[in-house]
1. Does V28 qualify as being out of contact with any Phe, Trp or Tyr (no Cβ under 7 Å at 6 or more places or on another chain) and not in a loop (DSSP other than H, G, I, E, B)?
2. Report yes if some residue within the stretch 38-58 is part of a loop (DSSP other than H, G, I, E, B), polar (S, T, N, Q) and open to solvent by 50 Å² or more (accessible area, probe 1.4 Å); otherwise report no.
Amino acid sequence: VPKREKVSEDVLDWREVVCDVNLNRANVSELQTALKKAGYYKGPLDGIIGPMTLSAANSYARAKQLPVGTNYIAIDTIEKLGLKF
């Protein structure tokens, strides 16, 4: 007989994120440049949203107590970096 135990309340959290349309090479290059200036991005400024860019954006977001996701970048992070997509 399976046993279920409730360990916490369900939480639904809505976040504005940067969509794929806005993650073009020019915008990603701007993001990488801003993250590099802030000391979070160590990779090439290639305009490609890869694991290094996502990791840097998430590290920055954590440090600024902003929303963090494994496969997205929150608009809050973009705005805090002074960017507009």
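The values are calculated or read from the model by the stated rules, or taken from the named source; none is laboratory data. The structure displayed is predicted, hence computed values, not measured ones. Reconstructed Cβ throughout: ideal geometry from the backbone, glycine too, with neighbour counts over all protein chains shown. Surface areas here come from the heavy atoms of the whole protein model, side chains and all, with no ligands, DNA or RNA. Shrake-Rupley method; radii C 1.70, N 1.55, O 1.52, S 1.80 Å.
1. It is true that V28 is out of contact with any Phe, Trp or Tyr (no Cβ under 7 Å at 6 or more places or on another chain) and not in a loop (DSSP other than H, G, I, E, B).
2. From the stretch 38-58, those part of a loop (DSSP other than H, G, I, E, B) are 38-50; that's our starting set.
Those still in the list that are polar (S, T, N, Q) too: none.
So far as the stretch 38-58 goes, no, none of its residues is part of a loop (DSSP other than H, G, I, E, B), polar (S, T, N, Q) and open to solvent by 50 Å² or more (accessible area, probe 1.4 Å).
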